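Data first, discussion second: the structure below is written as structure tokens.
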Amino acid sequence: MCFDLGGPVNKVAYGFATANLAAGIAGDNRYLEIMAAVMAAGMVPPLAMALASTVLGRKLFSPAERENGKAAWLLGLSFISEGAIPFAAADIFRVIPAAMVGGAVTGALSMAFGVTSKAPHGGIFVFFAIDSFPLWILSIAVGTVVTAVLVILLKRFARRRPLEIVADEPEPAAVPQAVAAH
């Protein structure tokens, strides 16, 4: 869910979980646990980027990222993983690994707690379809904090230094003979 934030890998994981909902509703809760874990893990990246950019590490994010962080709160709560894409596009080598760790923690906790979901989408707005809702929220909160802290640490350790622009004197452009003759 967290590798490509709504891309093909994300959609395969989501498709696997939703394809198994019928078996879960027929009585095998293991499949409903997978759906709960997938939805919880998919909520983590945007929520974590919102937390990191608007609360915990504001100075490490650009004004545009801080503004995107405001929208990421609602997107994350709605299970729209794509809310983290602007952050990943700006800093992929810090955001994606952190999101994958936090999503894995969230999914593992959700499965360990035995949380189930009969809804294929909706985030916190389908609370009525999620058994053990408080433990599900705890799973999401832990993964969100893990991801946000990791992103902040990775950004701090890899502080970008201002680029020094060094340029030689510009060389005149070569004009081909055929063009110069006309």
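Observations
- Check on Gly24, in contact (Cβ under 8 Å) with a residue 60 or more places away in the chain, surrounded by fewer than 24 Cβ atoms within 10 Å (Cβ to Cβ) and either of a type in the set (A, V, I, L, M) or over 18 Å from Pro97 (Cα atoms) (or both): yes
Every residue, every condition in (1) touching a strand residue (DSSP E or B) at 6+ places or on another chain (Cβ under 9 Å); (2) assigned to a loop (DSSP other than H, G, I, E, B); (3) more than 30 Å from Met39 (Cβ to Cβ); (4) at pLDDT 65 or above, yes or no:
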residue: Val151; (1), (2), (3), (4): no, no, no, yes
residue: Leu154; (1), (2), (3), (4): no, no, no, yes
residue: Arg160; (1), (2), (3), (4): no, yes, yes, no
residue: Ala174; (1), (2), (3), (4): no, yes, yes, yes
residue: Val179; (1), (2), (3), (4): no, no, yes, no
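- Qualifying residue in region 61-69 (condition: under 17 Å from the mean Cα position of the chain (by Cα), within 26 Å of Arg30 (Cβ to Cβ) and buried (at least 16 other Cβ atoms within 10 Å of the Cβ)): no
- Residues in region 110-134 that are under 23 Å from Leu75 (Cβ atoms) and of a type in the set (A, V, I, L, M) were compared, and the one that is farthest from the chain's Cα centre (by Cα) is Ala129.
- Residues of region 77-113 that turn out to be outside any helix (DSSP H, G or I) and of a type in the set (A, V, I, L, M), as a count: 1
- The single condition from (1) β-branched (Val, Ile, Thr); (2) free of Cβ contacts under 8 Å to residues at least 40 places away in the same chain; (3) within 23 Å of Leu150 (Cβ to Cβ) that Ile80 fails is (2).
- For the criterion of being surrounded by fewer than 21 Cβ atoms within 10 Å (Cβ to Cβ), in contact with a helix residue (DSSP H, G or I) (Cβ under 9 Å, 6 or more places away or on another chain) and not polar (S, T, N, Q), Ala90 passes.
- When Thr106, Thr18 are checked against the criterion of being under 14 Å from Pro120 (Cβ atoms) and of a type in the set (Ser, Thr, Tyr), Thr18 stands alone in meeting it.
- Verdict on Ile92 being at pLDDT 95 or above and among the hydrophobic types (A, V, I, L, M, F, W, C): no
- Which numbered condition Ala104 fails, given (1) in contact with a helix residue (DSSP H, G or I) (Cβ under 7 Å, 6 or more places away or on another chain); (2) farther than 17 Å from Ile152 by Cβ; (3) at pLDDT 95 or above; (4) surrounded by 16 or more Cβ atoms within 10 Å (Cβ to Cβ): (1)
- Exclusive hit being under 21 Å from Leu77 (Cβ atoms), surrounded by 15 or more Cβ atoms within 10 Å (Cβ to Cβ) and touching a Gly at 6+ places or on another chain (Cβ under 7 Å), set Ala40, Ala17, Ala36: Ala40
The values are calculated or read from the model by the stated rules, or taken from the named source; none is laboratory data. The structure presented is a predicted model; accordingly, all values stated were derived computationally and were not measured. Every residue, glycine among them, receives a Cβ derived from its backbone with ideal geometry; neighbour counts consider all protein chains shown.
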